[in-house]
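Here's the structure we're looking at; comments come further down.
The values are calculated or read from the model by the stated rules, or taken from the named source; none is laboratory data. The structure displayed is predicted, hence computed values, not measured ones. Positions of Cβ are backbone-derived with ideal geometry, glycine not excepted, and every protein chain shown enters the neighbour counts. Protein only, heavy atoms only, side chains kept; ligands, DNA and RNA dropped before computing areas. Shrake-Rupley method; radii C 1.70, N 1.55, O 1.52, S 1.80 Å.
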Amino acid sequence: MDVINVDYDGMIPNNVGLNQDIRVRKALEKWHPGYLDWWQDMGPEGFQQSLVYLRTAVSVDPKGWAKFDYVRMPEYKWGILLAPQVEDRKVPFGTHRGEKAWQEVPGEHRAMLRRLIVIQGDTEPASVEQQRYLGKTAPSLYDMRNLFQVNVEEGRHLWAMVYLLQKYFGADGRDEAEALLQRRSGDPDTPRMLGAFNEKTPDWLSFFMFTYFTDRDGKMQLEALAQSGFDPLSRTCRFMLTEEAHHMFVGETGVTRIIERTCEAMKQAGIEDPYDTERVRKLGVIDLPTIQKKANLHFSLSLDLFGNEISTNAANAFHAGLKGRFREERINDDHKLEGGTYPVLRLVDGKIEKQDVPALSGLNMRLRDDYVTDCNIGFGRWNKVIEKYGIPFQFRLSHVAFHRHIGEFSTVKADVDGNLLSESEWRRRRDEFLPSDSDRDFIESLMQPQREPGKFAGWIAPPKVGIDNKPGDFEYVKIQ
Ligand code: BYC
């Protein structure tokens, strides 16, 4: 079996020898039509016949794994790609540390492993559903193509999890794979599993914030699952991470380009006060305070995805060797954590305080802290753009107690600096921190499509370079 190059001969491209694995191949071929129906129903609306300049994985070799070509999205080669097996790999953490990594599901951890895979799988189609109307208001063909690239890859990530369910979890895996096609983002009766994946992504600033913050949660969770002692999961997540990087690039550069355009327009108009929102908005660009509010919203929703401050689930998953820490191999400790502690921000007697908790119970927060550090890097870059224009404004990450729905801080109200507020103060000041109805109406008013090759909507700057080094006026999507 060739584990580097992908077999495109059969119906399902793969590097897992699906041709020899008749049971799993049949199960996936049975699931395939339901997936395509879901894609037609819930995928990008209005563009299923368009030719999109997409990247398709042709190998899992980090050098040159992709090729670019025009593809109609329903004909995209969604495949099953695992990073190559590391010879003699060991379980890297937990009570089984040092034992041979598992090639089959360890019986005693079956339910926990299935749950992790199902939750991961559920987020992938959810994001496609959330973004399905955005193509209609794309600020350029370049951006439209990036949206669709993200969408087809989230579809592929669903395939990745469905493969694990079908191959390793028998009849219940099959049922879970079906259920992944039945739930719908935001549906009151059959919602997606995690909160942030039931929110709307109504405009392109939301899309860029989502890919900046929520895809970055994806990165952290995939990094933690890539450590897994269950080797097929580790290999699957390692390959997914190579795709995830592009999604975060789309988010970070998207927000950068919006900030760049706003600052440029302010400079040209001689506006120095970033809080003079009325004048800034008249220029047809998004004022910096509103961008900050959108960041507050998406950051807080994404923090919820790390679960509770104290988590027995996380402790058990680590102890069992199923879900590790961010870059486990670079951490210098015993990788078992049965003794140590970890400092966690908690609500103690109505105050926010740091408290040392058993390291195993604090694992969700450890991953979240690594996430916050990662989020801050892009903020530094955004602030550099503003500095370049000499505008007195700085973006800041809101406090982790702000606007929470999961964990200790879901029971209180706090401002963006982490000062606790009464319910009435919160109601009075909410629009200072989060997008108001009028902010949303204003952003929506800007969402006019720009479909001429090489042209961009007035509220966003062009990118510095094209995709696949294409020239500025390249027709990334041939709309049909
Ligand atoms: N919403 O012990 P706890 C991505 C539940 S994004 C609703 O703290 P745990 C992507 C929890 O299920 C990455 N419920 O939970 C990005 C539990 O319920 P049960 C997705 C929540 O397990 C962009 C109870 O509260 N991958 O890939 O430690 C585009 C107790 O909580 C939530 C993963 O998340 C919530 N936010 O932590 C596309 C990795 N939080 O079981 C894709 C897999 C907690 O007691 N998932 N609950 O009924 C996990 O590792 C963990 O399950 C979680 C939760 C981190 C999600």
With every protein chain kept in place and a 1.4 Å probe, the residues Lys413, Lys294, Lys282, Lys26 fall, from largest accessible area down, as Lys282, Lys26, Lys413, Lys294
Got a sec to turn the phi values of segment 353-362 into Karplus ³J(HN,Hα) couplings, 6.51 cos²θ - 1.76 cosθ + 1.60 with θ = phi - 60°, whole Hz, x for Gly and Pro?
9, 7, 9, 7, 10, x, 4, 5, 6, x
Rounded to 0.05, the calculated FRET efficiency for the beta carbons of Glu272 and Asn376 at R₀ = 30 Å is 0.65
With label points set 7 Å from each Cα along the Cα-to-Cβ direction at Asp431 and Glu387, the distance between them in nm comes to 3.4 nm
Area accessible to solvent at Glu425, 1.4 Å probe radius, in Å²:
70 Å²
Students often check this: by mean Cβ neighbours within 10 Å, which of 365-372, 207-214 ranks highest, and how do the rest follow?
207-214, 365-372
Rounded to one decimal in nm, the spacing of the 7 Å Cα→Cβ label points at Lys90 and Thr242 is 2.7 nm
By how many nm would the segment from Gln20 to Phe249 grow when fully extended, if each residue of separation counts as 0.36 nm and the alpha-carbon distance is taken off?
78.7 nm
Skipping prolines and chain starts, which residues have an amide H placed within reach, meaning under 5 Å, of the one on Ile80, given they are 5 or more residues away or on another chain?
Asn14, Asn15
With the crude spin-label approximation of a point 7 Å out along Cα→Cβ, what separation in nm comes out for Gln182 versus Thr312?
2.8 nm
Candidate lysines - alpha carbon under 26 Å from Lys478, same-chain residues fewer than 8 apart omitted
Lys67, Lys77, Lys136, Lys455, Lys464, Lys470
For the peptides 129-141, 460-472, what is the packing order when you average, over each peptide's residues, the other Cβ atoms within 10 Å and list the highest mean first?
129-141, 460-472
Spelling out what I want: for every residue of segment 201-215, take phi, set θ = phi - 60°, compute 6.51 cos²θ - 1.76 cosθ + 1.60 (Karplus), and round to whole Hz; glycine and proline get x.
10, x, 8, 6, 5, 4, 4, 5, 5, 4, 6, 6, 8, 7, 5
First check a/c for the chain, with a ≥ b ≥ c the square roots of the eigenvalues of its C-alpha gyration tensor; if it is under 1.5, answer rounded, and if not, answer prolate when a/b is larger than b/c or oblate otherwise.
oblate
What's the extension gain from Lys336 to Ser438 if we count 0.36 nm per residue and subtract their Cα-Cα distance?
31.6 nm
Among His399, His319, what's the order by accessible area (1.4 angstrom probe), most exposed first?
His319, His399
Heavy atoms of Arg279: accessible area, 1.4 Å probe, square angstrom to 10:
120 Å²
With all protein chains modelled, accessible area of Lys455 [1.4 Å, Å²]
90 Å²
Could you please put Asp189, Asp287 in sequence from largest to smallest accessible area, using a 1.4 Å probe?
Asp189, Asp287
Diffing segment 53-62: the Karplus 3J(HN,Hα) column from phi (6.51, -1.76, 1.60, θ = phi - 60°), in whole Hz with x for Gly and Pro, holds 7, 10, 9, 10, 6, 10, 7, 9, 6, x
Between Phe68 and Asp349, how high is the FRET efficiency from 1/(1 + (r/R0)^6) when r is the Cβ-Cβ distance and R₀ = 60 Å? Nearest 0.05.
0.55
Amide H of Leu345 versus every other amide H placed in the peptide plane: which residues, excluding those fewer than 5 positions away on the same chain, fall under 5 Å?
Gln355
What is the mean projected area of the alpha carbon convex hull for segment 304-421, to one decimal in square nanometres?
9.0 nm²
Assuming R0 = 56 Å, what is the FRET efficiency of Asp175 and Asp473, from their Cβ-Cβ distance, to the nearest 0.05?
0.70
Total charge dipole magnitude, segment 139-207, about the Cα centre, Cβ charges on Lys, Arg, Asp, Glu only, Debye to nearest 20
160 debye
